[in-house]
Amino acid sequence: MRRELVFPLIVGLILGALVMIFWQFNVRLNNQMAAMSQLDQATSQNTQTISSIVSFLQKGTAAATATK
């Protein structure tokens, strides 16, 4: 190969590799953000469910205590 073609080829390969590394990082980051969003939604829903169960139990025990 001629010397004039080697340097741009090496630079192109390095830049291409960097672009691929950052693209892969971005894809993984987006996947993690989607998973965190789903986890946040599930946590919120479970918190609401547990709050309603605790409220129901408190009302039941308050009513049982009031009738004694």
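Derivation of every value follows stated rules applied to the coordinates shown; laboratory data play no part. For clarity, every value in this text was computed on a predicted model and none was experimentally measured.
Key figures for this structure:
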{"read-out": "Cα pair distances exceeding 13 angstrom across the chain, given as percent", "value": "78"}
{"read-out": "Segment residue 9-residue 38, length gained on full extension (0.36 nm per residue, minus Cα span)", "value": "6.1 nm"}
